[in-house]
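Below: one structure, written as structure tokens.
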Amino acid sequence: MGHAERHAATDFDADSWAARFTLLSDPTRLRIVAEMHAHPGSTVAELASAIGITENAASQSIRALRDQGWVRSEKVGRRVHYELVGDAIVHRILHDIIGVGHITRGQGHDHAHP
């Protein structure tokens with residue numbers, strides 16, 4: 001009994017969770033994460049335009065997300081396309097906690113969560 005049972009409540013990777021929450025604590029990064037989730041393969045220009053920021057600001061946020069392994073890029077010709085790395089935790093944060101739905105350009109919501 002005793003110590004082992006009391007320790008179980010803190011048996012999680014606090015550093016990893018704190019890093020996730022730190023990344024999501026910035027409104028611009030959070031908007032970019034949500035936009036990339038809704039529109040995988042977007043370019044910096046598309047992301048910046050969609051959330052109403054400069055391309056430079058979008059690039060800075062994307063860099064921070066890439067440094068943490070949240071975003072991957074693919075170069076197609078001269079354009080670089082970005083998408084979120086499949087992270088079930090980030091997906092649940094976006095959907096279950098924030099309530100983000102999937103949006104298809106020009107078609108409204110594919111689905112929304114209650």
Picking from Ala19, Ala34, Ala88, Ala38, the residue that is loosely packed, with under 10 Cβ neighbours inside 10 Å, under 13 Å from the mean Cα position of the chain (by Cα) and either among the basic types (Lys, Arg) or at pLDDT 75 or above (or both) would be Ala88
Quick check on my filter: what residues within the stretch 22-31 are within 9 Å of the chain's Cα centre (by Cα) and either open to solvent by less than 40 Å² (accessible area, probe 1.4 Å) or among the basic types (Lys, Arg) (or both)? Leu23, Leu24, Arg29, Arg31
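The values are calculated or read from the model by the stated rules, or taken from the named source; none is laboratory data. Computed from a prediction, not measured in an experiment: that's the story for all the values here. Don't worry about glycine lacking a Cβ; one is built from the backbone with ideal geometry, like all the others, and counts go over all protein chains shown. Just the protein is used for accessible areas: all its heavy atoms, side chains included, with ligands, DNA and RNA removed. Shrake-Rupley method; radii C 1.70, N 1.55, O 1.52, S 1.80 Å.
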